[in-house]
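The values are calculated or read from the model by the stated rules, or taken from the named source; none is laboratory data. Quick caveat: nothing in here was measured; it's all calculated off a predicted structure. Here the Cβ is made from the backbone with ideal geometry for all residues, glycine too, and neighbour counts use every protein chain on show.
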Amino acid sequence: MTSMYKGVVEQMVAIKELLEADYQDKKLFAQAFSKVTIPDRIIKKTLTIKLDNGRKKSFLAFRSQHNSARGPYKGGIRFHPQVSEDEVKALSILMSLKTAVAGIPYGGSKGGIQVDPAVLSKNELQRLSKAYAKAFSSYIGPWLDVPAPDVNTDDQTMAWMLDAYEKTVGHLSPAAFTGKPVILGGSLGRTEATGMGGVYVLEQYAKNRKLVPGKTKLAVQGFGNVGFWFTRLAISRGFKVVAVSDSTGAVYNPKGLKIEDLSDLKKQKKTLSNEELLQLPVDILVPAALENVINIENAGKIKAKTVLEMANGPTSAEAIEILEQKKIDLLPDILCNSGGVTVSYFEWAQNLQGYYWTKDEVFKRLKEIIINAYKDIEIVKIAKKISYKKAASVVALKKILDAMILRGD
């Protein structure tokens, strides 16, 4: 299997010369750049819990803390059988880039447990979640590393983890985790935040390209929280979503799906596979599931004019080159799905202040941050005559490198 971490580093190295031109002291730049490709810390633990049948079972768990030059580490915790050290290292770098693109004061981290949550009961998941928080408690905190939900985890997972963390450290600390239930200090709007941020990018891109929403066809691959909210909000704003898929296949209607079609996708008749959805002749393809779904094997078959990345790392390094050769715009994940971490930042700020905002205020602030980030990327794209993907990395890495150099790191 291709190393996701290696792919992410290759993407960084590919823009090294573009960045170097902005620095007078080439030696300092080189020193900082070499450090930014390697996570600060990788923590590995074995978590053992008692199952409902009385037997004990162990699970591998990870946390990668990439860079904290701009602020505390920030990143989700995922439960998935394919969680690995390579994956969390790669995703922690993407989190650093994402928080930098958005301009919020965080670094990047990512964690996970190698587990299929579908085979565990609710009580077993609770024990596993609490075991993770307890085992990693010395590496977590409001000014150290702030976890959030990710693949197969949610606000309930964060509630369990927060409880175990607070009991371990001996005091209340709501700002140690984000993505919590509102009653425990979560932010209004957090549930739909990632999808909403992606739709703000979609609207700005459509405006700049003079695309008419009702005539702009989208296909969305993946129907978890991110895919659901992106699809629902895109349709509500007049965009024509013609296909949506979950793990079992895709629902396709060339005339456009309606919001009510999304209420129970599992019961809808699937007429396409996920792979067929990726190859539909649409205006905008939206990968919103897992990483590397667009890869060297299928990138040449992509017919969409634009790819809007809502998943983390859905396009492999080799596929990025192919899409760029085909003149397909690639709107990068570190911009498009930064709505979630941005509202997590709002939640953290609200927790620290003990002062909470309305949903309208959350979305108003989110839109301002997303649109400003988009405009910053477009300025660099035009000035350096590069792709959106490379421009986003240039913007993000420059912020991180500048912070490292200023610190004398």
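Checking each residue in segment 109-150 for being assigned to a loop (DSSP other than H, G, I, E, B) and either out of contact with any strand residue (DSSP E or B) (no Cβ under 9 Å at 6 or more places or on another chain) or surrounded by fewer than 22 Cβ atoms within 10 Å (Cβ to Cβ) (or both) picks out D116, L120, S121, P142, W143, L144. Screening segment 160-197 for residues that are among the β-branched types (V, I, T) and over 22 Å from I370 (Cα atoms) and picking the one that is nearest to the chain's Cα centre (by Cα) gives V182. The residues in segment 1-49 that are modelled with pLDDT under 90 and among the β-branched types (V, I, T) can be counted, and the count is 2. A count restricted to segment 366-409 and to residues that are under 18 Å from K327 (Cβ atoms) and among the basic types (K, R) stands at 5.
Residue-wise test of (1) over 29 Å from V293 (Cα atoms); (2) assigned to a strand (DSSP E or B); (3) of a type in the set (S, T, Y).
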{"position": "K6", "(1), (2), (3)": "no, no, no"}
{"position": "V9", "(1), (2), (3)": "no, no, no"}
{"position": "A30", "(1), (2), (3)": "yes, no, no"}
{"position": "I42", "(1), (2), (3)": "no, yes, no"}
{"position": "S58", "(1), (2), (3)": "yes, yes, yes"}
{"position": "A61", "(1), (2), (3)": "no, yes, no"}
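Is it the case that some residue within segment 209-225 is in a helix (DSSP H, G or I), surrounded by 20 or more Cβ atoms within 10 Å (Cβ to Cβ) and either hydrophobic (A, V, I, L, M, F, W, C) or modelled with pLDDT under 95 (or both)? No, there is no match, as no residue in segment 209-225 is in a helix (DSSP H, G or I), surrounded by 20 or more Cβ atoms within 10 Å (Cβ to Cβ) and either hydrophobic (A, V, I, L, M, F, W, C) or modelled with pLDDT under 95 (or both).
Applying the selection to segment 75-104, what residues are among the small types (G, A, S) and either outside any helix (DSSP H, G or I) or over 30 Å from E378 (Cβ atoms) (or both)?
Hits for segment 75-104 are G75, G76, S84, G103.
Only residues that are β-branched (V, I, T) and modelled with pLDDT of 95 or more: list them for segment 110-152, please. Listed by number, the residues that qualify are I113, V115, V119, I140, V146. As a summary of the residue check, T157 satisfies the conditions (1) polar (S, T, N, Q); (2) over 22 Å from I369 (Cβ atoms); (3) surrounded by fewer than 19 Cβ atoms within 10 Å (Cβ to Cβ); (4) in contact (Cβ under 8 Å) with a residue 40 or more places away in the chain except for the one numbered (3). Exactly one residue out of K57, K45 is closer than 24 Å to S84 by Cβ and in contact with a Phe, Trp or Tyr (Cβ under 9 Å, 6 or more places away or on another chain): that is K45. Quick one: is N312 buried (at least 22 other Cβ atoms within 10 Å of the Cβ), more than 15 Å from Y205 (Cβ to Cβ) and touching an Asp or Glu at 6+ places or on another chain (Cβ under 6 Å)? Yes; evaluated as a whole, the condition is true for this residue. Within segment 238-248, being out of contact with any strand residue (DSSP E or B) (no Cβ under 8 Å at 6 or more places or on another chain) and either among the β-branched types (V, I, T) or in a loop (DSSP other than H, G, I, E, B) (or both) holds for G238, S247, T248. Highlighted here would be strands (runs of 3 or more DSSP E) found entirely within segment 249-332 that include at least 2 residues which are in contact (Cβ under 8 Å) with a residue 60 or more places away in the chain, over 24 Å from P213 (Cα atoms) and over 23 Å from the mean Cα position of the chain (by Cα), but there are none. When you look at L97, is it in the same structural domain as Q126 (by TED's automatic domain parsing), within 20 Å of the chain's Cα centre (by Cα) and either on the phi > 0 side of the Ramachandran plot or touching a residue at least 40 places away in the same chain (Cβ under 8 Å) (or both), yes or no? Answer is yes for this residue. Within segment 34-72, the residues that satisfy the criterion of being out of contact with any helix residue (DSSP H, G or I) (no Cβ under 8 Å at 6 or more places or on another chain), surrounded by 15 or more Cβ atoms within 10 Å (Cβ to Cβ) and under 26 Å from P314 (Cβ atoms) are D40, L60. Checking each residue of segment 161-168 against the condition of being touching a Ser or Thr at 6+ places or on another chain (Cβ under 9 Å), touching a residue at least 24 places away in the same chain (Cβ under 8 Å), closer than 25 Å to Q350 by Cα and β-branched (V, I, T) gives at least one match.
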